[in-house]
Amino acid sequence: MPATLQSFVAQGAQMFFVLAIAPAVTGITRKVKARLMRRRGPSIFQPYRDLLKLVRKESVLAPNATWFFRSAPYMIFAFTWVAAALVPTLASGLMFNWAADVVALVALIGAARALLALAAMDAGTAFGGIGSSREMMIASLAEPASLLVALTIAFAAGTTRLPEVAQFLITQPLEIRVSFALAFVALVIVAMAENARIPVDNPATHLELTMVHEAMVLEYSGRHLAMIEAAGHLKLTLYISLIICLFLPFGMAPFDGSADAWAIGIGSYLAKLVLAAVALGVWEVSIAKMRVFRVSEFLGGAFTFAFLAILLEFLSREVQR
Amino acid sequence: MTGAGWQLQALFVALAIYAGAALAAVFLPRHRLGFVYAASAAAASLAIAADISAFFNEVVLKEQLPVGLPGVGLHIRLDGLSAFFGFIVNVGVLMASIYGAGIKRADLSKRIEPLYPAFCAAMNAVLLADDAFGFLFFWELMSLSSWALVVSRHDDPDNRKAGYVYLLMAAGGTMALLFAFGGLAGASGGYAFDTMRASHLTPLVSALVLGAALFGAGSKAGIMPLHAWLPLAHPAAPSHVSALMSGVMTKVAIYALIRVVFDLLGDPQWWWSLPFILLGAGSAVGALLYAVQDQDLKRLLAYSTIENVGIIFAGVGLAIAFKSSNIPPAAGIALAAALIHALNHSWFKSLLFLGAGAVLHSTGTKQLDRLGGLIHRMPKTSAFWLIGALAISALPPLNGFVSEWLLFQAVLTGPVFPEPILRFLSPVLGAMLALAAGLAAACFVRAYGTVFLGRPRSPEAANAHEAPFAQTLAIGLLAVLCILGGLFGGLTAFALNPLLVEYAGAAAAINTQTGPTPFSLIAFDQGRAIYDAPTIAFFVAVSAFATMAAIHLFASKKTRRSPAWDCGFPDPSPATQYTASSYSQPLRRVYGGVVYSSTETVDMPPPGSLREGHFHIRFSDYIWRFLYVMPANALWSLSERFDLIHYLTIRRYLVLMFSTLIVLLVITATFM
């Protein structure tokens, strides 16, 4: 069946497309940050070189590290990759789009996080525990917030299937909904926390007591570290894509789009991705990192926003009836 | 052979085997007692076959036995709901029995082994009872046999306290159920469930019945705030009994509630759902906040049971709300979520308790801060426990996520409720469930990380050994069930359709046959929500293995062992690892101040001093203090005050009697 084959190829292409561009997104953010700090900064392709370098190196394991420590990076990478591939980016109609359920998506990210937090404990060092414990504290607020955002949008669209949600949002007349605005703010905060960005965590720090994500991956090296880094790049792209898909889906190719529509889809998606990466860089240089225990207030804010969003969405339905 | 009612006869045979094993165990010498596990496993296998066959053939079998109350007899009924819960019970019993077969001869005891099959039989019998007398009799048998198992190690004062609180709560619960059935039977006193089904109650009576049933069955299920006995009693029992109590007996309580509310009580009112939703949501989050702080592996699991019971309650509550609002498909989804979660929880909770039992047996401790690094010494148990921990954290593609997903689908239908309260409560419930999902992951990452990963924190943990084959087999089989239940959750949900039609009035709310693959779980219709676990699992597995293969082939697969980096200061002492209490410290700071006013006092010696430093954490359990201790104290002081009556002179007794007589006469004269 050529139609099936075609959509299979399209699905595969999307998966590899996301994988291919993800490190560049991180690269752009780093470049913007460096330029704003009046440094020249590495090329935006530096993350690719880093990954290549790490993959080729030997992996150094702590004496206590077990099979779990060694296999977790691949599982984390796979969960994140599948989650990233489930988010409609260029077009909304792909072969396995029916598997793209928002609740499942949030849970897939949660699975990757749980595995990383566990792997951090495996070597039996103090820093692994610090990172893991803080990460789960952050996640205990960030995950519910992201789930509530997902449910808000899913409820507005009448479906939890992401492609259908995107389709609904493309065809929706442009209007500003208070609930969406709240959900947007909540998801942006969650995205910053989940990707270990300033002000929640600093991706560039190795200052012991402030690390969260970096503390968890401290014992990783070589190909295992490469997998985790790649998963990190994918996660950033995933969250940006999710925000684009949920709040700014304009330009995305519809289910039965023509070649032109696809071209517009690719172009607008890449443009939005670059814009988001630049905005993230600007944001990160203009704010300081907060103390770890302020993070809970920050994320509690996100949870409250998300809760208000879903409440508004649920109760405003009454007016329409 | 589908007809002929062999299923019920098979269940009778199974009950007879259980009872016979219990009786025989009383008389046999101690070292022969291991046979009760073989007998129980055989009985459970037979019962599983009968339950499966009864469920899929949708049989309704009735029998009346000439025992029990004079003139009433003992009514027995096997229907879809009994068969479904019977399946849960007997799979749990089978696994616990396989585990029990691995118990060493020296550890067998007259205090445990004779009671074990009696407990199993009582749980099975509760599900079959079709009249109030039989139900209460077997319910009480279940309570008492489990109580006796809890106090089987009564040399520990903690266990005695647990047994005391459990006995009080169980007695109170049975009393409440007695009132519930009394209300259902009405003035005419029809104690058979069939008579109750036919009778119509006034709203006031049905409200009282609901309240009493909620108290009676809810306390057995461990819903907050009736949970106080559960974290004491479940961990106190031997581990395979803990698995049964947490994994299975709570489900019998859920069965009792579903039976009363959906079957006996008539058409539901919308407000019946309120206590279920509120208590369920409160328990889901509240219990986890305790679980995430607990230092005792088995007590942590018991708290997590309360959380899962809360999730099941929330599902039941939503099902009542949707049914009363006449939205059958959503009622079906919510009820399916509750039932599947009951099934899933019985699997992963049994797994976790049996695994905890293996750890306890191997190391002699269940204190998280004395364990660690067991993945080296107990590789099989560790691998299986990991699956259980991920499943209970509701992570795909394991089974816990299936019910979670269905429940969120039901929550999303919330805005169609006609009542504003329910419309408001459904997003609140969604938020609480989301919070519970996040906390559950934190709780089990902490538990797994401190017990199985890292380096051993005590010599006991360093010298641990793998559990006997039978025990790892039981744990492994449950892990397989958790995986299969996750991958084929769609089929499970589809199989439940007859029950959903009967109790929620939903015709095919859950559909798998029209989906993209035969295993897709579809809620409502295909355009609305699909969860396809096998596809997602396939993609994750392929990406993981392909990536690994590619890297090993084309890049590097060299590995070297070297001291841990640890930011340049690796410390050889395992004491530098994060402990369970340090792990939960951030969570304690975020939630603890509000929920249990946790306070930390640090007593740090000044520099140069050789004095020991101290760190204390104090929690206040408000529910225990205000709902248990304070009423108990009030009752105590009241009874002490009335104690005076015992020491009056004869004149005063005469005055008392005389004044009582006058008061009664006045009352009679006024009101009659």
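The values are calculated or read from the model by the stated rules, or taken from the named source; none is laboratory data. For clarity, every value in this text was computed on a predicted model and none was experimentally measured. A quick note on method: Cβ atoms are made from the backbone with ideal geometry, for glycine too, and the neighbour counts reach across all protein chains shown.
List of remarks:
- Residue list for region B:285-301, filter: surrounded by 24 or more Cβ atoms within 10 Å (Cβ to Cβ) and either in contact with a strand residue (DSSP E or B) (Cβ under 9 Å, 6 or more places away or on another chain) or within 15 Å of B:Leu339 (Cα to Cα) (or both): B:Gln293, B:Leu297
- Within region B:579-594, the residues that satisfy the criterion of being more than 9 Å from every other protein chain (Cβ to nearest Cβ) and more than 17 Å from B:Leu297 (Cα to Cα) are B:Arg588, B:Gly592, B:Gly593, B:Val594.
- Only one of the numbered conditions (1) without any contact (Cβ under 8 Å) to a residue 12 or more places away in the chain; (2) out of contact with any Ser or Thr (no Cβ under 6 Å at 6 or more places or on another chain) is not met by A:Lys33, and that is (1).
- Residues (among the hydroxyl-bearing types (Ser, Thr, Tyr) and either more than 8 Å from every other protein chain (Cβ to nearest Cβ) or touching a Gly at 6+ places or on another chain (Cβ under 6 Å) (or both)) located in region B:554-578: B:Ser573, B:Tyr578
- Hey, B:Tyr628 out of contact with any Pro (no Cβ under 6 Å at 6 or more places or on another chain), of a type outside the set (Lys, Arg) and surrounded by 10 or more Cβ atoms within 10 Å (Cβ to Cβ) or not: yes
- Some residue of region A:57-64 being more than 9 Å from chain B (Cβ to nearest Cβ) and either touching a helix residue (DSSP H, G or I) at 6+ places or on another chain (Cβ under 9 Å) or part of a helix (DSSP H, G or I) (or both): no
- Residues in region A:112-126 that are surrounded by 24 or more Cβ atoms within 10 Å (Cβ to Cβ), at the interface with another protein chain (Cβ under 7 Å from one of its Cβ atoms) and part of a helix (DSSP H, G or I): A:Ala114, A:Ala117, A:Leu118, A:Met121, A:Asp122.
- Residues located in region B:172-211, provided they are within 29 Å of B:Gly222 (Cβ to Cβ), among the hydrophobic types (A, V, I, L, M, F, W, C) and assigned to a loop (DSSP other than H, G, I, E, B): B:Leu201
- Test: B:Gly282 is small (Gly, Ala, Ser), touching a residue at least 40 places away in the same chain (Cβ under 8 Å) and in a helix (DSSP H, G or I): yes
- Residue ID - surrounded by the fewest Cβ atoms within 10 Å (Cβ to Cβ), chosen from residues in region B:89-113 that are part of a helix (DSSP H, G or I) and modelled with pLDDT under 85: B:Ala106
Residue-wise test of (1) acidic (Asp, Glu); (2) at pLDDT 85 or above.
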{"position": "A:Met136", "(1), (2)": "no, yes"}
{"position": "A:Thr159", "(1), (2)": "no, no"}
{"position": "A:Ala166", "(1), (2)": "no, no"}
{"position": "A:Ala186", "(1), (2)": "no, yes"}
{"position": "A:Glu219", "(1), (2)": "yes, yes"}
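- Flag for A:Ile153 being more than 9 Å from every other protein chain (Cβ to nearest Cβ) and not in a helix (DSSP H, G or I): no
- B:Leu214 being assigned to a helix (DSSP H, G or I) and farther than 30 Å from B:Asp107 by Cα: yes
- The listed residue being part of a helix (DSSP H, G or I) and more than 8 Å from chain B (Cβ to nearest Cβ), out of A:Val188, A:Val200: A:Val188
- Counted residues, region B:607-633 - those being modelled with pLDDT of 90 or more and more than 23 Å from B:Leu230 (Cα to Cα): 0
- Residues of region A:127-140 that are facing chain B (nearest Cβ under 7 Å) and of a type in the set (A, V, I, L, M): A:Ile130, A:Met136, A:Met137, A:Ala139.
- Residues (surrounded by fewer than 17 Cβ atoms within 10 Å (Cβ to Cβ) and in contact with a helix residue (DSSP H, G or I) (Cβ under 7 Å, 6 or more places away or on another chain)) located in region A:22-40: A:Leu36, A:Met37, A:Arg40
- Filtered residues of region A:234-263 (kept if farther than 21 Å from A:Ala309 by Cβ and either modelled with pLDDT of 90 or more or of a type in the set (Ser, Thr, Tyr) (or both)): A:Leu234, A:Lys235, A:Leu236, A:Thr237, A:Ser258
- Meets criteria (more than 14 Å from chain B (Cβ to nearest Cβ), basic (Lys, Arg) and farther than 30 Å from B:Met378 by Cβ) for A:Arg39: yes
- Here the condition is being under 27 Å from A:Ala84 (Cβ atoms), modelled with pLDDT under 85 and not assigned by TED's automatic domain parsing to the domain that holds B:Leu335; of B:Ala555, B:Ala533, B:Ala575, it holds for B:Ala555 alone.
- Residue match in region B:447-465 (condition: more than 14 Å from chain A (Cβ to nearest Cβ), surrounded by 24 or more Cβ atoms within 10 Å (Cβ to Cβ) and modelled with pLDDT of 90 or more): no
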